[in-house]
Structure formats: structure tokens, C-alpha cells
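Here's the structure we're looking at; comments come further down.
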Amino acid sequence: MNPQSVTTLPTAEESSESLDPIRAMVSACIQCGTCTGSCPNALEMDLTPRKMWRLVILGRLSAVMESKTFILCSDCYTCTLRCPRGLPLTEAMEALKGIAFARKEARHRGSRLFYEKFMETVRRHGRIREMEFMTRYFIAMKSPVAPFRFAPLGLKLMGKGKVELGGGKSGDTPLGALFEKVADLERTPAATFRKEGHQ
Amino acid sequence: MSYLYYPGCSLTSSAREYDLATRAVMAAAGVNLTEIDDWTCCGASAAAPISHLLSLSLSARNLALAEQTASDGQVLVPCSACYLNLKKAHDALRNDAESRATINDALEAVNLKATGSVRVRHLLDVLAVDLGERHLAPLVTRSLSGLTVAPYYGCQCLRPYPEFDDPERPVSMEPLIEATGAAVHPWEMGARCCGASLVSTQPEVGLERVFAILKAAKGADLIVTVCPMCQMNLDAWQARASRMAGEKLSITVLYLPQLLGLAMGLASHELGLDLNLAVLGDFREKITHL
């Protein structure tokens, strides 16, 4: 684990405003470590979840963004279920992914493109089409080897007719209008959209 | 018994056999399913990090369509990720006036309105609670006695909403498995994460989760799942997980309704058994002699 000091205060030049909604979600954290002990992926994380929440509370945005911890959250909700303060930790992890994607953090580029290309396909067709989604993802990745990791599975699935190629088998309901309206609402400062707490 | 049916994207492609088996078993149990007309993607795990409101609105769109069909209906969802997204939207619509207003502002763009009047139910909830062994056991025409089944629940049908089972130590599949005549494999991995999308985006981490589950299933004839993501992670990556483990970890993985359908005497093509990626020869052998 990274023995990074978690007691340093944010430096003056670092603006941590984007962390504010997440700080509010975890401000009641008592640093008990139940989240870390419950996390199936904690051993592969550079910061334990407990340490990361401390950095979030301290507003250490760049230290949090340098970490892979929130990207390694697989949404199992065990920490959320067990947190003795009832904090919505899985949703806080999701929100951190959102900040990293919005900042186009270089080290999270692969994950960001995977999510973005997925949503682009949903926006265009209303439903996911694996072939179009993966093609867009591979093109965006600009990595000549990326497709090969998925090729054996892709061929197996295609052999069984399990890849939606978009040949009219599934419905086509473009959702551009809904996506745009959501973006509009989020741009309006009046729409203070409250994050869900858990339970 | 009648339900509105939300298959979700996976069930039209990589999890077609889950759709086939769900429809076949429900029909055989006398349950009526009405597919929600013009349903769209729930946003999977991709929408929420990009926009919390987008995630809720995508799911609420489907609830709005369901409400148009039957305002007091129940929406049956076989995919755990879809289930959780629809459930979160339902929770926001029902219990948070401010969220309900914002979601409906968004839905105006597609001329829909959602109130949260329909109930969202996971397939396992309906199988275990509404039908249960008391309705399913009498339908068993072919005992699966001699098979040992490892019940794999995964995460999102159990957590964060503990609706129908213990979210840490789930047991709801056990009476159903026993009703088929099969035995339950004793293990602790039923509610442990399969790695979810990390298997695609961070394979070196995700495959560790797969490997631990497959290893713990040793001794069982098969694993049953109730989620397309869990199913794919457990059945498609067995060769790589075996290489990581340095031992053979191949095992048959079926969806729960496929197992129930086999016991109910449904034909393997009705259950899409040829579409599964991991149905081993010795399993096929065993079931043909049952």
C-alpha cells in the first residue's frame, strides 16, 4: 500500500471544488476500515478505500485522481451494505469515476472510452449493439492489440449468433433528445440534483 | 400470475438463452409475461459515472412505458444490473419528490411521465417468493438427483437493496435446486463479486475474482447464475482462469431457469442449452441418463 501522508492539507493552487459533492457524501466517515475489509478488489488497489475517503474529505483531488482505487470498484455494494455510518460508498466511487472521465485523466483513458462508447451506442440506438460498441471502442483506443484480447470471445459469441449486429432483430429507438435534455438540465444551476443516499 | 417483462439488452444477444429459458419456464408454470413495448437500455454500469441523472432517466423511461401498460403492474427483470438500475429509478421516483420532478423534466423530451407506481422484481425474487418450491416442485417431471449445483447469486440482485434474501449469505436458490432433486454445493462464494466489467477493462484484476469462484466450485457438477454479466465472466474465461490457476477449472455454467426447465422436462433447444459457452460433455452425458 502507498504510505502517502493523508494528513497534509490541500495546497493553495489545487482547486478541489469538483470533489465537494463527494466530500458531502462521505463526510461522516469514521475511518473504521470496514469498507477496505469488505472490498473484493482492495488487494489490487494502490490506496485502500478507507485511505481514499480520507483524501476525499481533505480535498486532495490530485492524489485521489492519481489513484486507481475508484476505477477498480466493481459495484458489488458490499461496503455500502456494511458501512456502519450508512454512507453511499459505491455511488461515491461512481462519482469519482465521473470526475476522472470529465477531466480526461490519461491513466483512466481505457475505462473512460469503454464507458463513453457504450453510451454513444445507447444514444444512437436505444439499445446496446455489441459489434458497433466494440468497434467504436477499438477505434477510439487506437491500440493495434486491443481487439485481440476480445477476439477469441467475439468469434465464439458470433459463432453462436449471440452478437447483436443491428440487422433489425432488436428495436431502434434513438435517445438523442433524452440525452440532450439531461445535459441541459445539468447545465442549469437551479437544478440542484440531489445524490441518492442509500436506503 | 402476470408480469410486465423487461429483458434488457444482454437477453437479446449474449444472453439469449437466459431469455429463452425464462420465457419457457414461466410459460410452463402458467405465468403470463407481457414484454414492455419499445423498452430501451437501462444504462448498465456505464451511465451512472457519466451522469447520475442520465442513469435514472434511462431507467425511468422504461418504468414510464410499463406504467402505461399497467399502472399497478410488476416488472420482472432477469438481469441483475438492469434490475438494480430500474430499482434505483423506482426508489427515486417513489421516495424523493425533487428527484421525481427532475427525472420527469428529462422525460418530457420523449413525451413520457413516470410516477414509480409499478413494482420492480428480480427473476430470482419471483421464482423464489411468488412461485417457490410449492409451485415449482409439482412441475418437476425429471429428477436431477445425482447432480450437485453451486448457486451463484452475484451482487446486484442482493445489494444494496435486500429485498428477498440475506444480502451476505443468500439462500433463496436452495429450495428451488432441491425441488429439482439436485443437491446444493456447500460454498461461501455465492454472493462474492465476479469482477463485473473489470474482467473487460482491467482483466488482471477481474480474472482473479473469476478464478476464485471457479476454484471454490470444484466438486460441483455445475454453477447456476441469475445475471448475464456473472454468467459471461464465469463461462467465457475458463481457459484463461485455468492458465492462471495452473489447474483445470472448467465447469458447466447454466442460468437458473435453464436448470429448472431441464427438471420440468423442457427440451434443451427450448432452453437454449446450445447457446451456453460452457456445457461440458460429462454434464450432457449425465443429464441424458437422468
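The values are calculated or read from the model by the stated rules, or taken from the named source; none is laboratory data. In this text the structure is predicted, and so the values were computed from the model without any measurement. Backbone-built Cβ (ideal geometry, glycine too); neighbour counts: all protein chains shown.
Are there any pairs with C-beta distances below 9 angstrom linking a residue in segment B:116-140 that is free of Cβ contacts under 8 Å to residues at least 40 places away in the same chain to a residue that is of a type in the set (Val, Ile, Thr) and part of a helix (DSSP H, G or I), with the two at least 6 apart or on different chains, and if so which?
Listed pairs, sorted by first residue: none to list.
Let me confirm something: among B:ASN95, B:ASN62, which residue is buried (at least 24 other Cβ atoms within 10 Å of the Cβ) and farther than 21 Å from A:THR188 by Cβ? Before you say what the answer is, go through the steps one by one.
Numbers: B:ASN95 fails: buried (at least 24 other Cβ atoms within 10 Å of the Cβ).
After applying the criteria, what remains is B:ASN62.
Name the residue, out of B:LEU76, B:LEU93, B:LEU63, B:LEU4, that is among the aliphatic types (A, V, I, L, M) and out of contact with any strand residue (DSSP E or B) (no Cβ under 9 Å at 6 or more places or on another chain).
Values: B:LEU76 fails: out of contact with any strand residue (DSSP E or B) (no Cβ under 9 Å at 6 or more places or on another chain); B:LEU63 fails: out of contact with any strand residue (DSSP E or B) (no Cβ under 9 Å at 6 or more places or on another chain); B:LEU4 fails: out of contact with any strand residue (DSSP E or B) (no Cβ under 9 Å at 6 or more places or on another chain).
Matching residue, one of B:LEU76, B:LEU93, B:LEU63, B:LEU4: B:LEU93.
Out of curiosity, is B:LEU124 modelled with pLDDT of 95 or more and over 15 Å from B:LYS87 (Cβ atoms)? Walk me through how you get there before you give the answer.
Working: modelled with pLDDT of 95 or more: yes; over 15 Å from B:LYS87 (Cβ atoms): no.
The answer is no for B:LEU124.
Which of the residues belonging to segment A:124-167 are of a type in the set (Val, Ile, Thr) and either in contact with a strand residue (DSSP E or B) (Cβ under 9 Å, 6 or more places away or on another chain) or closer than 26 Å to B:ASP38 by Cα (or both)? Steps first, please.
Just the residues of segment A:124-167 that are of a type in the set (Val, Ile, Thr), to begin with: A:128, A:135, A:139, A:145, A:163.
Listed by number, the residues that qualify are A:ILE128, A:THR135, A:VAL163.
Looking only at segment B:147-186, filter to residues that are surrounded by fewer than 21 Cβ atoms within 10 Å (Cβ to Cβ) and in contact with a strand residue (DSSP E or B) (Cβ under 7 Å, 6 or more places away or on another chain); which one of those is nearest to B:ARG284 (Cα to Cα)?
B:THR148
How many residues does segment B:216-233 contain that are within 17 Å of B:LEU11 (Cα to Cα) and more than 13 Å from every other protein chain (Cβ to nearest Cβ)? It would help to see each step written out before you state the result.
Residues of segment B:216-233 within 17 Å of B:LEU11 (Cα to Cα): B:224-233.
Of the ones still in play, those that are also more than 13 Å from every other protein chain (Cβ to nearest Cβ) are B:224-226.
Within segment B:216-233, residues that are within 17 Å of B:LEU11 (Cα to Cα) and more than 13 Å from every other protein chain (Cβ to nearest Cβ) number 3.
Looking at segment A:72-94 only, could you name the residues that are buried (at least 21 other Cβ atoms within 10 Å of the Cβ) and in a helix (DSSP H, G or I)?
A:LEU72, A:THR78, A:CYS79, A:THR80, A:LEU81, A:LEU89, A:THR90, A:GLU91, A:ALA92, A:MET93, A:GLU94, listed by residue number.
Assuming B:SER51 fulfils every condition listed in (1) away from chain A (no Cβ under 14 Å); (2) without any contact (Cβ under 8 Å) to a residue 12 or more places away in the chain apart from one, which condition is it?
For B:SER51, the failing item is (1).
Name the residues in segment B:122-146 that are loosely packed, with under 15 Cβ neighbours inside 10 Å and more than 16 Å from the chain's Cα centre (by Cα), would you? Before you say what the answer is, go through the steps one by one.
Taking segment B:122-146 first, the residues loosely packed, with under 15 Cβ neighbours inside 10 Å are B:129, B:134, B:138, B:141-143, B:145-146.
Result: B:ARG134, B:PRO138, B:THR141, B:ARG142, B:SER143, B:SER145, B:GLY146.
Filter segment A:100-121 for residues that are more than 17 Å from B:LEU198 (Cβ to Cβ) and either surrounded by fewer than 19 Cβ atoms within 10 Å (Cβ to Cβ) or aliphatic (A, V, I, L, M) (or both) and give the result.
Once the filter is applied, which keeps residues that are more than 17 Å from B:LEU198 (Cβ to Cβ) and either surrounded by fewer than 19 Cβ atoms within 10 Å (Cβ to Cβ) or aliphatic (A, V, I, L, M) (or both), segment A:100-121 yields A:ALA102, A:ARG103, A:LYS104, A:GLU105, A:ALA106, A:GLU116, A:MET119, A:GLU120.
Test A:ALA28 against the stated conditions and say whether it is within 12 Å of another protein chain (Cβ to nearest Cβ) and of a type outside the set (Asp, Glu). Break it down stepwise before answering.
Values: within 12 Å of another protein chain (Cβ to nearest Cβ): no; of a type outside the set (Asp, Glu): yes.
No.
Looking at segment B:48-58, is at least one residue under 19 Å from the mean Cα position of the chain (by Cα), outside the structural domain of B:ALA263 (by TED's automatic domain parsing) and not β-branched (Val, Ile, Thr)?
Residues of segment B:48-58 that are under 19 Å from the mean Cα position of the chain (by Cα), as a first pass: none.
No, segment B:48-58 contains no residue that is under 19 Å from the mean Cα position of the chain (by Cα), outside the structural domain of B:ALA263 (by TED's automatic domain parsing) and not β-branched (Val, Ile, Thr).
Looking at segment A:122-157, which of the residues that are outside any helix (DSSP H, G or I) and without any contact (Cβ under 8 Å) to a residue 40 or more places away in the chain is nearest to the other protein chains (Cβ to nearest Cβ)?
Quick first cut of segment A:122-157, residues outside any helix (DSSP H, G or I) only: A:126-129, A:142-145.
When the remaining residues are screened for being without any contact (Cβ under 8 Å) to a residue 40 or more places away in the chain, the result is A:128, A:142-145.
Working: A:ILE128: 4, A:LYS142: 16, A:SER143: 13, A:PRO144: 18, A:VAL145: 13 Å.
Per the stated criteria, the residue is A:ILE128.
Are any residues in segment B:228-275 outside any loop (DSSP other than H, G, I, E, B) and out of contact with any helix residue (DSSP H, G or I) (no Cβ under 9 Å at 6 or more places or on another chain), and if so, which ones?
Start the filter on segment B:228-275 by keeping residues that are outside any loop (DSSP other than H, G, I, E, B), which leaves B:228-236, B:238-245, B:252-263, B:273-275.
Answer for segment B:228-275, where residues must be outside any loop (DSSP other than H, G, I, E, B) and out of contact with any helix residue (DSSP H, G or I) (no Cβ under 9 Å at 6 or more places or on another chain): B:ASP235, B:ARG243.
Can you confirm whether A:PHE179 is of a type in the set (Phe, Trp, Tyr) and at pLDDT 95 or above? I'd like the intermediate steps shown before the answer.
Numbers: of a type in the set (Phe, Trp, Tyr): yes; at pLDDT 95 or above: yes.
Against the criterion (of a type in the set (Phe, Trp, Tyr) and at pLDDT 95 or above), A:PHE179 qualifies.
Specify which of the listed residues (A:LEU58, A:LEU43) is out of contact with any Pro (no Cβ under 7 Å at 6 or more places or on another chain), aliphatic (A, V, I, L, M), surrounded by fewer than 23 Cβ atoms within 10 Å (Cβ to Cβ) and modelled with pLDDT of 95 or more.
On the way: A:LEU58 fails: out of contact with any Pro (no Cβ under 7 Å at 6 or more places or on another chain).
From the options A:LEU58, A:LEU43, the qualifying one is A:LEU43.
How many of the residues in segment B:173-195 are within 11 Å of another protein chain (Cβ to nearest Cβ), among the aliphatic types (A, V, I, L, M) and in contact with a helix residue (DSSP H, G or I) (Cβ under 6 Å, 6 or more places away or on another chain)? Give the steps one after another, and end with the answer.
To start, the set of residues in segment B:173-195 that are within 11 Å of another protein chain (Cβ to nearest Cβ) comprises B:189, B:191-195.
If we keep only those that are among the aliphatic types (A, V, I, L, M) too, we end up with B:189, B:191.
Now restrict to residues that are in contact with a helix residue (DSSP H, G or I) (Cβ under 6 Å, 6 or more places away or on another chain): B:189.
Matching residues across segment B:173-195 total 1.
So which of B:SER45, B:SER80 ends up being modelled with pLDDT under 95, among the hydroxyl-bearing types (Ser, Thr, Tyr) and under 22 Å from B:SER13 (Cβ atoms)?
The conditions single out B:SER45.
Select from segment A:95-112 the residues that are more than 10 Å from chain B (Cβ to nearest Cβ) and part of a helix (DSSP H, G or I) and write down the one among them that is farthest from B:PRO160 (Cα to Cα). Even if it seems obvious, please write down each step before you answer.
Pass one, segment A:95-112, residues more than 10 Å from chain B (Cβ to nearest Cβ): A:103-107, A:109.
Pick out the ones that are also part of a helix (DSSP H, G or I) and you get A:106-107, A:109.
On the way: A:ALA106: 31, A:ARG107: 29, A:ARG109: 29 Å.
Per the criteria, the residue is A:ALA106.
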